[in-house]
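The values are calculated or read from the model by the stated rules, or taken from the named source; none is laboratory data. Keep in mind it's a predicted model, so treat the numbers as computed, not measured. Cβ coordinates were reconstructed from backbone atoms using ideal geometry, including for glycine residues, and neighbour counts include every protein chain displayed.
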There are 2 protein chains.
Amino acid sequence: MNRVVLDAVGGDHAPDEALAGVAQALARGEVTPAQVLLTGPVDLVRAGMQKQGLPADIEVLDAPDLLTCEDSPTDAMRKKARNSIAIGIQAVKTGRAGAFVSAGSTGTVVAAATLGLGCLEGIRRPAIGAIIEGEKNPFLVLDVGANPQPKPHHLAQYALMGSAYYGGTFGIAEPRVGILNIGSEELKGNPLVREARQLMKQLPIKFHGNVEGVEVFHGDCHVIVTDGFTGNVLLKVSEGVAEYLLRATFGMMKQVGIPGEQVKKVQAGVMPRVDFSEYGGALLLGVQGVVTICHGRSRAPAFANAIRFAMRAMTAEVNQHIVQAARSITLPTAEPNP
Amino acid sequence: MNRVVLDAVGGDHAPDEALAGVAQALARGEVTPAQVLLTGPVDLVRAGMQKQGLPADIEVLDAPDLLTCEDSPTDAMRKKARNSIAIGIQAVKTGRAGAFVSAGSTGTVVAAATLGLGCLEGIRRPAIGAIIEGEKNPFLVLDVGANPQPKPHHLAQYALMGSAYYGGTFGIAEPRVGILNIGSEELKGNPLVREARQLMKQLPIKFHGNVEGVEVFHGDCHVIVTDGFTGNVLLKVSEGVAEYLLRATFGMMKQVGIPGEQVKKVQAGVMPRVDFSEYGGALLLGVQGVVTICHGRSRAPAFANAIRFAMRAMTAEVNQHIVQAARSITLPTAEPNP
């Protein structure tokens, strides 16, 4: 059975918003109580469940060691071994659940999942993917920060993983996959991009070629492959620009005398689009299990979305597709497994 | 005397908008007719000047070979040697003007300027800087595309050049200079950024350390240093996000029943901020002369702005300051001059 284990105490607004997200997912019929597991200090979690009116038969895995922002990934694993992230990953490793969802520290989730679950067969390095709502379609950008200095064959693997993930969760047979570049011509960019492009052409994916920065948000390309440094800048700069411009726009609306009530309606319609990293959570692709990382400031709808996407990824057997696709390509053997 | 030579036939709306920009700059007293030189096919330019009511005593340097979008930089230089960009750069080289402004092909301007003018003493590679209007201050991002694979000491030189340029044109004694990174901690990022950071700490600049993507548009840092690949993605993605979100916002405004007239007022106030690369034009820093590259779709105000910034850069003797600052640092001698 496909089960999701949720970190009930990860994120700025945990446990309330995390558990409210579970309530939303249950109400929408996206999961059943038996498909949900929770981690966190058991008393805290039980109290929060009662507050949100969650069924009492949802299982809670006790994780008494509460993490704070000050805990580095190393501290979390060494000094607070029974934290909610470690216990959640453990539940995936032992097969009690197929997916883990957390709004805790990205670094800690990545470290715990990579070490605890290991990479999928044929995959050398996991990547963090972010699903963003574009103008025509949602699109997946990867990597947004797991590996700031990848090699060309890592990017090729990102393309395979992204294609399998997007196809499975959005029900698109052949997602268009592009590589982020600084021009449309074949020879543009740096050696990393040029070599990765040559590898991607040989993959069993619908390869679109270069995608320029200005095209990303059109959503024509479903999957955008880039290194973890550039991807992180892309994601974070987008959020910064969006916040800045919308603040300016709402200020201008008030200035020209538009009533506050109407300004609020417009805000309510537009603001959810701005939390780019919140839309579907970020995914850690390439590990043995489904791991979704929500933004630290996630509210209930973001948690509900993340649970939905995690369920879809399991149902669509995304990881099996990644492994199959990875078997179809030959990658350099020189690099030792990380 | 400080003179600007303007490419009258570069850009999507040339020569009309380019020449209208000259008219605006003259009207505002930012240049005198004697401080302006124009390049382009002489008859075409003279006709355009008359249309815009420009003084007939403005000098026109004949450049009969009209470039099209199809001309690569190599084609432009070889097959159409008497094009407006080549003639304009020539005027700077021979000292007839101190600055060149063009909305023609970036690649052709960079190639013509780098080969024609050469690098400043102590500078190994030129960088393209873009001035963007941020929330608190305008900020300068460099490099946005001249060199997609720089070395750490190139980034250090960008920091020096950016500081001198920003200080001179905006009258800020010690601009804050930051390096774009994917976290605030010292060890974040990739080796390029980490090594460049160490070099920058030793420079005679006000070094702020890491700047994350989400902070860029705050405008707290006046100068943001990054490699040409990431910088180009930053600039282009910002434009894409801005267009997408503002379209969505204006659509939503109409949807909630805000009268078209008020929507237009808000658009008029906000839209000029979206053309990030248009605000002050892009600068080619590090060559012997002032070279400003306007966006291809520039209209008169953008040309007028570019002329103003070019005049300021000459008056502030930005290049002399760059050379002085470059003398204060020792850079690796291994690399042959490009």
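The set of residues in the stretch A:180-208 that are of a type in the set (D, E, K, R) and within 9 Å of chain B (Cβ to nearest Cβ) contains only A:LYS188.
From the set of residues in the stretch B:209-257 that are of a type in the set (Phe, Trp, Tyr) and within 7 Å of chain A (Cβ to nearest Cβ), which is surrounded by the most Cβ atoms within 10 Å (Cβ to Cβ)? The extreme case among them is B:PHE229. Can you name the residue in the stretch A:217-237 that is touching an Asp or Glu at 6+ places or on another chain (Cβ under 7 Å) and part of a helix (DSSP H, G or I) and is also nearest to B:GLU215 (Cα to Cα) among such residues? The extreme case among them is A:LYS236. Out of curiosity, is B:GLU59 assigned by TED's automatic domain parsing to the domain that holds B:ILE172 and either more than 23 Å from the chain's Cα centre (by Cα) or not small (Gly, Ala, Ser) (or both)? No, not satisfied.
Kindly list the number of the only condition in (1) outside any helix (DSSP H, G or I); (2) assigned by TED's automatic domain parsing to the domain that holds B:ARG297 that fails for B:ALA91. Of the numbered conditions (1) outside any helix (DSSP H, G or I); (2) assigned by TED's automatic domain parsing to the domain that holds B:ARG297, the odd one out for B:ALA91 is (1).
Quick one: is B:VAL225 closer than 15 Å to B:ASN181 by Cβ and without any contact (Cβ under 8 Å) to a residue 24 or more places away in the chain? Considered against the rule, which asks whether it is closer than 15 Å to B:ASN181 by Cβ and without any contact (Cβ under 8 Å) to a residue 24 or more places away in the chain, B:VAL225 comes out as no.
Pairing residues of the stretch B:184-195 that are on the phi > 0 side of the Ramachandran plot with residues that are surrounded by fewer than 17 Cβ atoms within 10 Å (Cβ to Cβ), at Cβ distances under 9 Å and at least 6 apart in sequence or on separate chains, gives B:GLY189/A:GLN149; B:GLY189/B:GLY183.
Criterion applied to A:THR39, A:THR32 was being in contact with a helix residue (DSSP H, G or I) (Cβ under 8 Å, 6 or more places away or on another chain) and crowded, with 21+ Cβ neighbours inside 10 Å, and the one residue passing it is A:THR39. Selection of the stretch B:61-100 for residues being surrounded by 19 or more Cβ atoms within 10 Å (Cβ to Cβ) and of a type in the set (A, V, I, L, M) yields B:LEU61, B:ALA63, B:LEU67, B:ALA76, B:ILE85, B:ALA86, B:ILE87, B:ILE89, B:ALA91, B:VAL92, B:ALA97, B:ALA99.
Evaluating B:LEU187 against the criteria (1) in the same structural domain as B:GLY209 (by TED's automatic domain parsing); (2) assigned to a loop (DSSP other than H, G, I, E, B); (3) touching a Gly at 6+ places or on another chain (Cβ under 9 Å) leaves one unmet condition, (3). A:GLU261 fulfils the conditions (1) at pLDDT 85 or above; (2) away from chain B (no Cβ under 14 Å) except for a single criterion, (2). Does B:VAL290 meet the test of being at negative phi, in the same structural domain as B:ALA97 (by TED's automatic domain parsing) and at pLDDT 85 or above? In short, yes. Quick one: A:ALA20 ticks every box in (1) assigned to a helix (DSSP H, G or I); (2) surrounded by fewer than 18 Cβ atoms within 10 Å (Cβ to Cβ); (3) under 24 Å from the mean Cα position of the chain (by Cα) except a single one, so which number is it? Every condition holds for A:ALA20 apart from (2). Sub-7 Å Cβ pairs linking a first residue in the stretch A:238-252 that is assigned to a helix (DSSP H, G or I) to a second residue that is of a type in the set (Asp, Glu) and surrounded by fewer than 23 Cβ atoms within 10 Å (Cβ to Cβ), at least 6 apart or interchain, are A:GLY240/B:GLU215; A:TYR244/B:GLU135, ordered by first then second residue. The set of residues in the stretch B:130-149 that are at pLDDT below 95 and more than 18 Å from A:VAL241 (Cα to Cα) comprises B:GLY145, B:ALA146, B:ASN147, B:PRO148, B:GLN149. Screening the stretch A:99-108 for residues that are among the β-branched types (Val, Ile, Thr) and modelled with pLDDT under 95 and picking the one that is nearest to A:ASP71 (Cα to Cα) gives A:THR108.
For the stretch A:36-59, indicate whether the set of residues that are in a helix (DSSP H, G or I) and farther than 22 Å from A:ALA304 by Cα is non-empty. Show your work before the answer.
Pass one, the stretch A:36-59, residues in a helix (DSSP H, G or I): A:42-51.
Those left that are additionally farther than 22 Å from A:ALA304 by Cα: A:43.
For the stretch A:36-59, residues in a helix (DSSP H, G or I) and farther than 22 Å from A:ALA304 by Cα: present.
Could you please let me know if B:MET271 is surrounded by 18 or more Cβ atoms within 10 Å (Cβ to Cβ) and touching a residue at least 12 places away in the same chain (Cβ under 8 Å)? Spelling it out, it is not the case that B:MET271 is surrounded by 18 or more Cβ atoms within 10 Å (Cβ to Cβ) and touching a residue at least 12 places away in the same chain (Cβ under 8 Å).
The rows are residues; the columns are (1) in a strand (DSSP E or B); (2) modelled with pLDDT under 95; (3) aromatic (Phe, Trp, Tyr).
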| residue | (1), (2), (3) |
| --- | --- |
| B:GLY95 | no, no, no |
| B:VAL110 | no, yes, no |
| B:ALA113 | no, no, no |
| B:ILE123 | no, yes, no |
| B:HIS153 | no, yes, no |
| B:GLY162 | no, no, no |
| B:TYR166 | no, yes, yes |
| B:GLY178 | yes, no, no |
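Would you confirm, using the coordinates I've provided, whether A:ARG28 is assigned by TED's automatic domain parsing to the domain that holds A:ALA306 and over 22 Å from A:GLY296 (Cα atoms)? Yes.
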